[in-house]
Amino acid sequence: MIDWKRIAELRDEIGAEDFGDVVELFLEEVEGEIALLREGCAEDALESRLHFLKGSALNLGFRAFSTLCQNGESAAAAGQAQRVDLPATLASFDDSKTEFMAGLSRLDKS
């Protein structure tokens, strides 16, 4: 679900102190988009929201979530927004965030 190798590489690239800031910014921005999806998203905005979430998720190693966002983005781009499994995508974010937050402490010890 989480690409821990990617996360460790990112932390090493930007440094441990700045990594915390990146995580905070990521969660703030992504949770804002997630909240908009939970409230209901117009079909014409769905593709761009999922595109943003996919890119953000890839940057911070949320592999399973990014795959669902990619699938949804592709469906929305093809005019098949009704095929987007938004409940599964949102649940994947919740699960990924839980795993990510729990794993950060292990990452700090490595």
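Bear in mind that the values in this text are calculations on the coordinates, not laboratory data. Note that the structure is predicted; figures quoted are calculated from it, not measured. No Cβ is skipped: glycine too gets one built from the backbone with ideal geometry, and neighbour counts run over all protein chains shown.
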Residue check: is ALA57 in a helix (DSSP H, G or I) and touching a Phe, Trp or Tyr at 6+ places or on another chain (Cβ under 6 Å)? yes
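Please go through segment 74-97 and pick out each residue that is assigned to a helix (DSSP H, G or I) and over 12 Å from the mean Cα position of the chain (by Cα). Can you show your working first?
Taking segment 74-97 and keeping what is assigned to a helix (DSSP H, G or I), we get 74-77, 81-83, 86-97.
Answer for segment 74-97, where residues must be assigned to a helix (DSSP H, G or I) and over 12 Å from the mean Cα position of the chain (by Cα): SER74, ALA75, ALA76, ALA77, ALA81, GLN82, ARG83, LEU86, PRO87, ALA88.
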With the requirement that a residue be under 21 Å from ALA88 (Cβ atoms) and without any contact (Cβ under 8 Å) to a residue 12 or more places away in the chain, what does segment 1-39 give you? GLU31, GLY32, ALA35, GLU39
Looking at ARG106, is it assigned to a helix (DSSP H, G or I), surrounded by 11 or more Cβ atoms within 10 Å (Cβ to Cβ) and among the basic types (Lys, Arg)? no
Please go through segment 53-69 and pick out each residue that is of a type outside the set (S, T, N, Q) and within 9 Å of the chain's Cα centre (by Cα). LEU53, LYS54, GLY55, ALA57, LEU58, LEU60, GLY61, PHE62, ARG63, ALA64, PHE65, CYS69
Set ARG38, ARG83, ARG63: member being touching a helix residue (DSSP H, G or I) at 6+ places or on another chain (Cβ under 6 Å) and among the basic types (Lys, Arg): ARG83
Can you pull out the residues in segment 84-107 that are of a type outside the set (D, E, K, R) and without any contact (Cβ under 8 Å) to a residue 24 or more places away in the chain? PRO87, ALA88, ALA91, THR98, MET101, ALA102, SER105
Segment 17-49: number of residues that are more than 20 Å from ARG6 (Cβ to Cβ) and among the hydrophobic types (A, V, I, L, M, F, W, C): 8
With respect to ALA57, is the statement that it is surrounded by 17 or more Cβ atoms within 10 Å (Cβ to Cβ) and of a type in the set (A, V, I, L, M) true? yes
Scanning segment 40-52 for residues that are part of a helix (DSSP H, G or I) and free of Cβ contacts under 8 Å to residues at least 24 places away in the same chain, which turns out farthest from LEU90 (Cα to Cα)? ASP44
